[in-house]
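Taking it in order: structure first as structure tokens, then the write-up.
The numbers here are math on the coordinates, done by the rules we state, and not lab data. What you see is a predicted model; the values in this text were computed from it and never measured. Reconstructed Cβ throughout: ideal geometry from the backbone, glycine too, with neighbour counts over all protein chains shown.
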């Protein structure tokens, strides 16, 4: 048994992101990540199933926040507003990880396989939100349209959040994206 | 050199769809498809790179129609209306293949790997439409929001078109989806 290592998960994540950016995702091994973090491979696999999961472990947490927030919205809430509340509820998860998010985005932008994985993650989150809306009695196709539109608005806001200088407010960017969506859909 | 075979492409496609539905996509070989169509494997590979391409060969044609329609829209056209015109312009491609489209949808619904491929196809088409909008001077994020919303609306309309009984009008279903999107985005 190896001894407890303080913040092993975070150290492994930081080491992995550094190496993915320096050498490329495909060229980096788990052994190198563990070495950079000053930990063992065995410790790596205690936290992550593989080197790709370092980039995608957060999706289950997001799903839980989205689904529970949609479920808890008042009955009178319009579907798109329930989705907006869900996206807003998850912003603290991102806010405390701004610098990591920027690094992660650069890694994904450099690798088509990771871009596909990111696309599947978004589709999976949209499906989960659509199901949560249907559980509230929102019929199809309204449920899917609201969920997928929400994911698009989030993607747009997130892209600005990781690329614009300084510390833009992710919640504000999400609201702007949803407003842009409304204006766009109205044909203006 | 094998002799010319009348409608070899279509015969191979029909044979492939039958086998994918009977045995599953993963369990079907190119040899079996060729045999069912009464053709050789060599003929198969003259039309399709592999057995998956039988299901996805149309995406390049769609891209061309979408991009050229967006490019040809009058200057004053709103982004979402240029996208709507593009989706509408491609409907004849689908209309003449309604029964094949139903079969194809059943095959894809039964196979997670094909669902991922379909998702990537949609993302690729959305990217192409967003680029065509930017070429018209539509700024980001409006270009991407319009393109991705159009793809969502089309997906919703298409799902109804292949599942509803009779011969629903795909153009009409697309218009309904875009109207639903507008209502949804407005928070009603």
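Relative to the longest principal axis of the Cα atoms of chain B, helix B:79-89 runs at roughly 30 degrees.
Other protein chain C-beta atoms within 10 Å of residue C-beta, averaged over B:115-123: 3. How far is helix B:142-163 tilted, in degrees, relative to the longest principal axis of the Cα atoms in chain B, given as a value from 0 to 90 rounded to the nearest 10? Helix B:142-163 sits roughly 50 degrees off the main axis of chain B. Only Cα pairs within less than 10 Å get springs; with that Gaussian network setup on chain B, which residue of B:162, B:151, B:30 has the largest fluctuation? Greatest mean-square fluctuation among the candidates belongs to B:30. Each copy carries a label point for residue B:140 at 7 Å from Cα along the beta-carbon vector; from one copy to the others these points are 3.3 nm apart, nearest first.
Could you tell me how many degrees, from 0 to 90 and to the nearest 10, lie between the Cα long axis of helix A:8-23 and the main elongation axis, the longest principal axis, of the Cα atoms of chain A? With both axes taken from Cα atoms, the answer is about 90 degrees.
Using a/c under 1.5 as the rounded threshold, could you call the protein assembly as shown rounded, prolate or oblate? The axes a ≥ b ≥ c are square roots of the C-alpha gyration tensor eigenvalues, and prolate needs a/b larger than b/c, oblate otherwise. Since a/c reaches 1.5 but b/c is at least a/b, the shape of the protein assembly as shown is classed as oblate.
Potential lengthening of the chain between residue B:100 and residue B:18 amounts to 28.5 nm, from the contour at 0.36 nm per residue minus the alpha-carbon distance. When you restrict to C-alpha pairs under 8 Å that are six or more residues apart and normalise by the size of region A:7-51, the relative contact order lands at 42 percent. For region B:1-88, the square roots of the Cα gyration tensor eigenvalues, ordered a ≥ b ≥ c, give a/c of at least 1.5 with a/b greater than b/c, which places it in the prolate category. With label points set 7 Å from Cα along Cα→Cβ, the inter-copy distances at residue A:64 are 5.1 nm, sorted shortest first. Between copies, the label points at residue B:42 (set 7 angstrom from Cα along Cα-to-Cβ) are spaced 5.9 nm, reported in nanometres from shortest to longest. Modelled spin-label separation between residue A:7 and residue A:30, with each label point placed 7 Å from Cα along the Cα-to-Cβ direction: 2.4 nm.
Note on A:174-187: average number of Cβ atoms from other chains within 10 Å of each residue's Cβ is 6.
For the segment B:159-166, counting C-beta atoms of other chains within 10 Å of every residue's C-beta and taking the mean gives 1. For region B:41-80 versus region A:98-128, the inter-centroid distance based on Cα atoms is 26 Å. The value of relative contact order for chain B, using C-alpha pairs under 8 Å at least six residues apart, is 20 percent. For region A:43-112, relative contact order (Cα pairs under 8 Å, six or more residues apart, normalised by length) works out to 26 percent.
Of all chain A residues, the one whose Cβ lies closest to the rotation axis that maps A onto B, given with that distance rounded to whole Å, is A:185, 2.
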